[in-house]
1. Here's a check for you: in region 135-193, which residue that is part of a helix (DSSP H, G or I), open to solvent by less than 50 Å² (accessible area, probe 1.4 Å) and among the polar types (S, T, N, Q) is farthest from SER9 (Cα to Cα)?
2. Starting from region 24-37, take each residue that is more than 13 Å from LEU87 (Cα to Cα) and list its partners that are open to solvent by less than 60 Å² (accessible area, probe 1.4 Å), counting only C-beta distances under 7 angstrom and pairs at least six apart or across chains.
3. List every residue pair whose Cβ atoms lie under 8 Å apart, where the two residues are 6 or more positions apart in sequence or sit on different chains, the first residue falls within region 90-102 and is open to solvent by 30 Å² or more (accessible area, probe 1.4 Å), and the second residue, located anywhere, is among the charged types (D, E, K, R) and at pLDDT below 95.
4. Of the residues that make up region 18-38, is at least one at positive phi and touching a Gly at 6+ places or on another chain (Cβ under 8 Å)?
5. Anything in region 40-57 that is touching a helix residue (DSSP H, G or I) at 6+ places or on another chain (Cβ under 6 Å) and surrounded by 22 or more Cβ atoms within 10 Å (Cβ to Cβ)? List them, or say none.
6. Limited to region 14-39, what total is found for residues that are aliphatic (A, V, I, L, M), in contact with a helix residue (DSSP H, G or I) (Cβ under 7 Å, 6 or more places away or on another chain) and open to solvent by less than 20 Å² (accessible area, probe 1.4 Å)?
7. If the Cβ limit is 6 Å and pairs must be 6+ apart or interchain, which residue in region 41-64 that is in contact (Cβ under 8 Å) with a residue 40 or more places away in the chain pairs with which residue that is part of a helix (DSSP H, G or I) and among the small types (Gly, Ala, Ser)?
Amino acid sequence: MRDIIAAESQAIAAIPYTPAYDKAVELIIEHVHRRGGKLVTSGMGKAGQIALNIATTFSSTGTPAIYLHPSEAQHGDLGILQPNDVLLLISNCGKTREIIDLLDLAKDLYPGIPAIVITGNPDSDISSRAAATLVTSQAPEVCPLGLTPTTSITMMSVIGDILVVNVMRMTGFTKADYALRHHGGNLGTKSRG
C-alpha cells in the first residue's frame, strides 16, 4: 500500500506547471462566466469517468458544466453544444479515436469553439489542436501490468481539481454561493452553518 501511495504521490508532484493552466482558467472564465456558455467535458472509458466528475464539481462550484459522452455525441448528443461553450477533453494517449472525432464534429458545428486537453502525450494530434494542453507527468501506471489506468487517472483528477479551485478563486465563489447549490446532505448543512 505505501509503495503505491508513494508512486502516485510522486507522479502528482511531478505534474509540470505551464502557462497553459492560466490559459485554461481564462478560457473557462471567458466562455462560461462572461459569454454565458458552459464547460463541456468528455473522455472515453476511465478518462470519461474523470471528465464526468470534473463536470459535476464545476457545476456545484458555480461554473455550469456537463459531461458529453464522445460516442453518444455522434448520435445526436452533439446538439448540447452552443457557440460560447468551451470543451475539456481527456485522453491519456492523446489518440483516443472517439475524442478526436468529437473534436472534429465540434469544430465543424462551431469552428471557434476552444478545447482544453488533459493528456499524457503533449505531441499528439489532439494536443496540437487545443487552445491549452495540460500534460500529466507521464509517470508509469502503478498497475502491475502497466496497463490499467491508475496513476494517469489520479493525475487527471488532480488537474481537474486545480482548474476548479482556480476558477473558484478567480470568480470569487463564496460559501453563500455554495449553499445556494447544495440544499441536501452534510455539505448543504455545513455550507449554511
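The values are calculated or read from the model by the stated rules, or taken from the named source; none is laboratory data. Keep in mind that this is a model prediction, so the values were computed, not measured. Every residue, glycine as well, gets a Cβ built from its backbone with ideal geometry; the counts of neighbours run over all protein chains shown. Ligands, DNA and RNA are stripped out before the accessible areas are found, and what is left, the full protein with its side chains, is counted by its heavy atoms. Shrake-Rupley method; radii C 1.70, N 1.55, O 1.52, S 1.80 Å.
1. In this case the residue turns out to be SER191.
2. Note: pairs meeting the criteria are HIS33/THR171; ARG35/ASN84; GLY36/ASN84.
3. LYS95/ASP125
4. No, region 18-38 has no match at all.
5. Correct list: THR41, SER42, GLY43, ILE50, ILE54.
6. Within region 14-39, the subset aliphatic (A, V, I, L, M) is 14-15, 20, 24-25, 27-29, 32, 39.
With in contact with a helix residue (DSSP H, G or I) (Cβ under 7 Å, 6 or more places away or on another chain) added as a condition, the list becomes 15, 24-25, 28-29, 39.
Subsequent filtering for residues that are open to solvent by less than 20 Å² (accessible area, probe 1.4 Å) retains 24-25, 28-29, 39.
Residues flagged as aliphatic (A, V, I, L, M), in contact with a helix residue (DSSP H, G or I) (Cβ under 7 Å, 6 or more places away or on another chain) and open to solvent by less than 20 Å² (accessible area, probe 1.4 Å) within region 14-39 amount to 5.
7. Correct list of pairs: THR41/ALA51; THR41/ALA55; SER42/ALA51; GLY43/ALA51; ILE50/SER157; ILE54/GLY160.
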